[in-house]
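Okay, structure first, notes after.
Laboratory data are not the source of any read-out in this text; all were calculated from the coordinates shown. Being a predicted model, the structure only gives us computed values, none of them experimental. Using ideal geometry, Cβ is built from the backbone for each residue, glycine included, and neighbour counts are taken over all protein chains shown.
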Amino acid sequence: MKNNSDFVKLSDVKSAGLRYIEIPVFSDFSDIVAGFTTRFGGVSEGDYATLNLNFNRPDPRENVLENFRRLSVDLGIPLENMVVSHQTHTKNVMHVSAAHAGMGITRDRSYTNIDGLLTSEKNLLLVTHYADCVPLYFYDPAKSVIALVHSGWRGTLMDIGGETVRELKRIYGSNAGDLIVAFGPHIRNCCFEVDRDVADAFKDKFIFAQEYMSHRSDGKWLIDLEGLISENLERQGVNSDNIYGCSICTKCHNDIFFSHRGSNGRTGTAAAFMMIKG
Ligand SMILES: [Zn+2]
């Protein structure tokens, strides 16, 4: 895994009130749009201030819609060209096409329990939700296919990353060695503490898990989800030189990003987004 160190400075994000940051590795590809939203530049209030992008929170629908409209204007991408996941901590990923455009924002979804979106369609913005969980951005330049995946600890434990690689192979004929994978901001090993039962579940699932866990004196465990997911993807054929980390911890930077653990569970939701330009 490489350290993706070209992220914009967080002090600049805060002073400018930027609505989103770009995922740097994809700036090398002129046909890819990839970013992650901040708390700034929206109209939501209280715990959801200001750019909450989740309709399933006690935040008026009109506010969330206005937040999406503002992101839409920034990106120059109509709401009707966006498609939003329906996340329930599964390992389910789904191919979406123009037939799904607008779903989750301008019209109802035709699917449920989908934590990752895959597409080869141009000008269709994939959108997934976060408040500490790990965003994974996949791009296959050989087949011109992208995937955007919500890998919380439950999804990680179910191997949603590996499932994405398998589905990219099955649906589009991708080779794992061609894939470029980037992490977005998430809760890092400085802050992601779990109890013994969760630590044990990771050890049971991944034979290499112990390398990415540390046991604290208070009995809790700290898990490095990024390291663990990265090693798992490498074992499934993704080239380590093509995996780009993200050193931004959402809980440490709770003033800039929504963080479930940094807000005692009362928080808005950020969006990761990704698109192939037409
Ligand atoms: Zn942290």
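Between Rg and the Kirkwood Rh of the range 134-258, both from Cα atoms, what is the Rg to Rh ratio?
Ratio value, two decimals: 0.99.
Using 0.36 nm per residue, how much length does the chain from S11 to N264 gain when fully extended, once their Cα-Cα distance is taken away?
88.6 nm
Take D204 and R70, extend 7 Å from each Cα along the Cα→Cβ direction, and tell me the distance between the two endpoints in nm.
Using points 7 Å along Cα→Cβ, the separation is 4.4 nm.
Suppose the Debye formula is applied to equal point scatterers at every Cα of the range 21-136; what is log10 I(q)/I(0) at q = 0.12, 0.13 Å⁻¹?
So the normalised log intensities work out to -0.42, -0.50.
With viscosity set to 0.890 mPa s and temperature to 25 °C, compute the Stokes-Einstein D of the range 1-63, Rh being the Kirkwood radius across alpha carbon pairs; µm²/s, no decimals.
Value of D from the Cα-based Kirkwood radius: 183 µm²/s.
In 5 Å bins starting at zero, report the fraction of Cα pairs in the range 188-240 per bin as a rounded %.
Distribution as computed: 4, 22, 30, 23, 11, 6, 2, 1 percent.
Scattering from the C-alpha atoms of the chain alone, worked out with Debye: what is log10 I(q)/I(0) at q = 0.07, 0.14 1/Å?
Log10 of I(q)/I(0), two decimals: -0.22, -0.96.
Add +1 for every Lys or Arg and -1 for every Asp or Glu among the other residues with Cβ under 9 Å from the Cβ of V25, and state the total.
My count for the surroundings of V25 gives -1.
How about K205: which lysines have a C-alpha closer than 24 Å to its C-alpha, ignoring those fewer than 8 places off in the same chain?
K91, K169, K220
Between H215 and E62, 0.36 nm times their residue separation minus their Cα-Cα distance comes to what?
Gain on extension, H215 to E62, equals 50.6 nm.
Hey, can you rank 216-224, 265-273 by average C-beta count inside 10 Å, highest first?
265-273, 216-224
Put a dot 7 Å past each Cα toward the Cβ at S30 and E45; how far apart are the dots in nm?
With each label placed 7 Å out from Cα toward Cβ, I get 4.6 nm.
Could you work out [θ]222 nm for the chain from helices alone, using -39500 (n - 2.57) per DSSP H run of at least four and dividing by all its residues? Round to the nearest 500 deg cm²/dmol.
-6500 deg cm²/dmol
For the range 272-278, in order, what is each residue's ³J(HN,Hα) by Karplus, 6.51 cos²θ - 1.76 cosθ + 1.60 with θ = phi - 60°, in whole Hz (x at glycine and Pro)?
9, 9, 7, 8, 9, 6, x
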